[in-house]
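The block underneath contains the structure these notes are about, expressed in structure tokens.
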Protein chains: 2
Amino acid sequence: MGDPAGIGPEIIVAALHRSPSWLSKCVIFGDVEPLERAARSLDVKLPNVTVRCPISRGGAEIVAGQPSVDSGAAAVAYLDAATTAVLEGECAAIVTAPLAKQWAQQAGFSFAGHTEYLAHRCNAHDVVMMFVGPRLKVALVTVHRPLRDVAQSLSVARIARVCELVDESMRRDFAIVQPRIAVVGLNPHAGENGTIGDEEQRIIAPGMLAATACHHLLGPWVPDVAFRLALDGAADALIAMYHDQALIPVKLIDFDDAVNVTLGLPIVRTSPDHGTAFDIAGTGRARATSMMAAIDLAFRMVETRRR
Amino acid sequence: MGDPAGIGPEIIVAALHRSPSWLSKCVIFGDVEPLERAARSLDVKLPNVTVRCPISRGGAEIVAGQPSVDSGAAAVAYLDAATTAVLEGECAAIVTAPLAKQWAQQAGFSFAGHTEYLAHRCNAHDVVMMFVGPRLKVALVTVHRPLRDVAQSLSVARIARVCELVDESMRRDFAIVQPRIAVVGLNPHAGENGTIGDEEQRIIAPGMLAATACHHLLGPWVPDVAFRLALDGAADALIAMYHDQALIPVKLIDFDDAVNVTLGLPIVRTSPDHGTAFDIAGTGRARATSMMAAIDLAFRMVETRRR
């Protein structure tokens, strides 16, 4: 459910209301009250879904739009229980609604976010954030780094690992037998043969060479044409070097429908591509499209892995 | 004409062929032969336009797709003559077809490109590259810098100057009386209050404050939503911090129709948003859309300035 004071409850209710076939296949780790409140704000009946609440809040009420240590602690308890259910094989995948780092951390959560928490629980050393939309799939080599630190954060080993994890995911999660993965350069014009930066030659190309498990790597591509080429079908997935190199095109092209997928975990994890939106929580105005896409993708990834 | 061995001649012929009303209002600074060849490759009659050739090549033939010191020297001579014609008031604006830096420099050209040359001829100290498409207008604070140097290249004074030049251009060249100009942050999430980089607080916001001539500055905006907001009408122009922050969205959204405009010159200068494309020169395959947009925009800017 993520933070129960955020938009998590209402996007869950809206998603299940619109996709009744999911009801028998989903378990909500969260409280019933916020779901009931969300159903009222959306003017729908609370969908008949299994809700499991792993925490007793002792009567402290959660108010939409008013996060607190209580709502942060609840989000952490839901996450703990859902992760355990997946690790023990009771559930096949985890879809995380947004939590607020600040409140979760005040409640004792010691991770930067969901991804770091899940990596810890799964004992995973290399994880990769990938955005999957209807038209683009883009994985990130670096994520929440100041732009000035991006170049020095790249390494041959990290590039190679990201290439291999994306290649593996394309085959295992998306059933693309011979995935064509394009690596985006770091610099304008991909460095123009080293005249505008040399990371393409010094780090990115050697990283691609070191990714020996990959079938079909392309690049380093010129950043300002790479996304157009991928849209035109020249690659199945892109690997971007930094946050905004990926997120600017993803949010322009696959705006409301992009899903955040974590690669490198032994479990399937997806997430909508937005935050808690406390400013509109409880109004029923939050769009559920990304949550619906996240649930749908989790089902498809599990099915593809099983096949 | 730019480099006569590039696609310049054929995109000029194609543009004039499709827009006969321009014939009496344009002067081509270039050679007749490459234009005749281009007309043959496009299977059209050479449009009846004034051609002024400021250089005698002594019989050295220019072959499409085969740049040389001769073709580079010709491009420089065309540029010299056209610039003089504009500075002397004989022409109202200059539209530059692409030249090849490498060959121009071998012919004695001592500038990084057109823009630097024009800044020198016009005695202009601060110039700004802006891309103008049907849907987005984006100016750049830094251009051909390695990504690792971008953060340290920003300064309060440069941000302020770019803001003021874009504001002035919106009013003078585009007749937007109260332009709303949005400045894009440098870091993911625009730094998230200094937790992912501090340039927004330390440089960008102070630069905006120092741009006292501006009417309505917005930002610093979160990069991955800024371009969507501008597309939805929330700003008339954007100011990007680095090359790919601007060019990735511009090439996705305004692909073939973006025009490169130089701000900060006393003259109107536009240019298509592509290079010499020697690999396809002479085949008639080059698309003339960006050249047509560049000529059209130059006419509109001149008319707007006169009004």
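May I ask you to give the percent of accessible area on the stretch B:31-167 that is carbon plus sulfur, with a probe radius of 1.4 Å?
Values: 2860 of 6240 Å².
Carbon plus sulfur share of accessible area: 46 percent.
Could you tell me which residue out of A:Ile295, A:Ala74, B:Ala93 lies farthest along the dipole of the protein assembly as shown toward its positive end? Charges go on the beta carbon: Lys and Arg +1, Asp and Glu -1, centred on the Cα centre.
Of the options given, the answer is A:Ile295.
So, R0 is 35 Å and r is the distance between the beta-carbons of A:His120 and B:Gln102; what FRET efficiency does that work out to, to 0.05? Don't skip to the end; give the middle numbers.
Values: r = 52 Å, r/R0 = 1.49.
Approximately 0.10, to the nearest 0.05.
With +1 assigned to the C-beta of every Lys and Arg and -1 to the C-beta of every Asp and Glu, and no other charges, what is the dipole magnitude of the stretch B:125-214 about the Cα centre in debye, to the nearest 20?
Working: 10 positive and 10 negative charges, 52 e Å.
Dipole magnitude for the stretch B:125-214 comes out near 240 debye.
Of B:Thr270, B:Thr83, B:Thr50, which is the most mobile in a GNM of chain B whose springs link Cα atoms less than 10 angstrom apart?
Among B:Thr270, B:Thr83, B:Thr50, the largest mean-square fluctuation in the Gaussian network model of chain B belongs to B:Thr50.
Which residues of the stretch B:206-238 end up with at least 20 Å² less accessible area in the presence of all protein chains than when their chain stands alone, using a 1.4 Å probe?
B:Pro223, B:Asp224, B:Phe227, B:Arg228
Using a simple charge model, +1 on the beta-carbon of Lys and Arg, -1 on the beta-carbon of Asp and Glu, nothing else, what dipole does the protein assembly as shown show about its Cα centre, in debye to the nearest 20? Let's see the in-between values first.
Details: 56 positive and 66 negative charges, 140 e Å.
The calculated dipole for the protein assembly as shown is roughly 680 debye.
Relative contact order for the stretch B:1-150: what is it in percent, counting Cα pairs under 8 Å that are at least 6 residues apart? Write down the numbers at each step before the final one.
Details: 186 pairs, mean separation 35.4, N = 150.
Rounded, it is 24 percent for the stretch B:1-150.
Got the relative contact order for the stretch B:1-49 handy, in percent, Cα pairs under 8 Å and 6 or more residues apart?
Values: 43 pairs, mean separation 22.6, N = 49.
Rounded, it is 46 percent for the stretch B:1-49.
Using a Förster radius of 41 Å, what is the FRET efficiency between A:Val51 and A:Ala112 based on their Cβ-Cβ separation? Nearest 0.05, please. Mind dumping the intermediate values first?
On the way: r = 28 Å, r/R0 = 0.69.
The value I calculate is 0.90.
Modelled label-to-label distance, B:Gln201 and B:His215, 7 Å Cα→beta-carbon offset: nm?
Using points 7 Å along Cα→Cβ, the separation is 3.3 nm.
Taking a 1.4 Å probe, which of B:Asp232, A:Asp257 shows the most accessible area, and what order do the others take after it?
B:Asp232, A:Asp257
Where does the longest stretch of chain A lie that holds no GluC sites (Glu not before Pro) found in a DSSP loop with 14 or fewer other Cβ atoms within 10 Å? Please list the in-between numbers first.
On the way: sites that count: A:Glu61, A:Glu88, A:Glu90, A:Glu192.
Answer from the scan: A:193-307.
Quick check for me: using +1 on Lys/Arg Cβ and -1 on Asp/Glu Cβ, what's the dipole size of the stretch B:32-138 about its Cα centre, in debye to the nearest 20?
Values: 9 positive and 10 negative charges, 64 e Å.
I would put it at about 300 debye.
In nm, one decimal, shortest first: how far is the label point of A:Gln102 (7 Å from Cα along Cα to beta carbon) from the matching points in the other copies?
Going from nearest to farthest copy, the values are 5.3 nm.
Mind listing the long-range amide H neighbours of A:Trp221? Cut-off is under 5 Å, sequence gap 5 or more, other chains count too, H placed in the peptide plane at 1.01 Å from N.
Here the answer is A:Val183, A:Val184, A:Gly185, since their amide H atoms fall under 5 Å of that of A:Trp221.
So for each of B:65-77, A:212-224 I average, over its residues, the number of other beta carbons within 10 Å; can you give me the resulting order with the highest mean first? Display every interim value, and only then the final one.
Numbers: B:65-77: 21.5, A:212-224: 18.8.
The densest-packed peptide leads the list: B:65-77, A:212-224.
Out of all DSSP beta bridges with both ends in chain A, state the antiparallel percent to the nearest 5. The partial results should precede the final answer.
On the way: 12 of 29 bridges.
Around 40 percent antiparallel, to the nearest 5.
For a paramagnetic label modelled at 7 Å from the Cα of A:Asp149 toward its Cβ, which residues of the stretch A:85-119 fall within the zone defined by backbone nitrogen distances under 19 Å?
So the set is A:101-102, A:110-117.
Of the beta bridges DSSP finds with both residues in the protein assembly as shown, what % are antiparallel, to the nearest 5? Intermediate results must be reported in sequence, preceding the final value.
Working: 24 of 58 bridges.
Antiparallel bridges make up about 40 percent of those DSSP assigns within the protein assembly as shown.
Taking only C-alpha pairs under 8 Å that are 6+ residues apart, what is the relative contact order of chain B in percent?
Numbers: 587 pairs, mean separation 75.9, N = 307.
Computed over chain B, the figure is 25 percent.
If we hang a label 7 Å off Cα along the beta carbon direction at A:Pro20, how far is it from the matching labels on the other copies, in nm, shortest first?
6.5
Which percent of the Cα-Cα distances in the protein assembly as shown go past 46 Å? It would help to have the intermediate numbers written out before the result.
Numbers: 47014 of 188191 pairs.
Of all Cα-Cα pairs in the protein assembly as shown, 25 percent lie more than 46 Å apart.
Which value, in Å² rounded to 10, gives the accessible area of B:Lys101 with a 1.4 Å probe and all protein chains present?
90 Å²
Write down the accessible area per residue of the protein assembly as shown in Å², having rolled a 1.4 Å probe over the full set of protein chains.
Details: 24730 Å² over 614 residues.
Heavy-atom accessible area per residue stands at 40 Å².
In Å and from the alpha-carbon atoms only, list the Rg and Dmax of chain B.
Spelled out, the Cα radius of gyration and Dmax of chain B are 20.0, 64 Å.
Spelling out what I want: for every residue of the stretch A:133-150, take phi, set θ = phi - 60°, compute 6.51 cos²θ - 1.76 cosθ + 1.60 (Karplus), and round to whole Hz; glycine and proline get x.
Values, residue by residue: x, x, 10, 10, 10, 9, 9, 10, 6, 10, 10, 9, 10, x, 4, 5, 9, 4 Hz.
Note every residue of the stretch B:123-162 with a reduction of at least 50 square angstrom in accessible area, all protein chains present versus the isolated chain, computed with a 1.4 Å probe, or write none.
Buried by the other chains: B:His144, B:Leu147, B:Arg148.
What part of the accessible area of the stretch B:190-242, given as a whole %, is carbon or sulfur when the probe is 1.4 angstrom?
Numbers: 1100 of 2120 Å².
Within the stretch B:190-242, the accessible surface is 52 percent carbon and sulfur.
With a 1.4 Å probe, how much accessible area is buried between chains B and A, both sides summed, in Å² to the nearest hundred?
Working: alone 13880 and 13870 Å², together 24730 Å².
Roughly 3000 Å².
Please list, in chain and number order, the residues 5+ apart from B:Lys137 or on another chain whose amide H is under 5 Å from its amide H, with Hs placed from the backbone.
Here B:Leu238 satisfy the definition.
What nm distances, shortest first, do you get from the label point of A:Arg158 to those in the other copies when the point sits 7 angstrom along Cα to Cβ?
Between copies, matching label points for A:Arg158 lie 2.4 nm apart.
Rounded to the nearest Å, what's the spacing between the alpha carbon centres of the stretch A:48-108 and the stretch A:111-167? Just the number, please.
24 Å
What ranking, highest mean first, results for peptides B:202-210, B:105-113 when packing means the other Cβ atoms within 10 Å averaged over each residue? Could you put the intermediate results ahead of the total?
Working: B:202-210: 19.2, B:105-113: 15.0.
Ranked from most to least packed, the peptides come out as B:202-210, B:105-113.
The values are calculated or read from the model by the stated rules, or taken from the named source; none is laboratory data. Just so you know, these numbers come straight off a predicted model, no measurement behind them. For neighbour counting, all protein chains shown are included, and Cβ atoms are generated from backbone atoms with ideal geometry for every residue, glycine included. Surface accessibility is based on the protein's heavy atoms, side chains included, excluding ligands, DNA and RNA. Shrake-Rupley method; radii C 1.70, N 1.55, O 1.52, S 1.80 Å.
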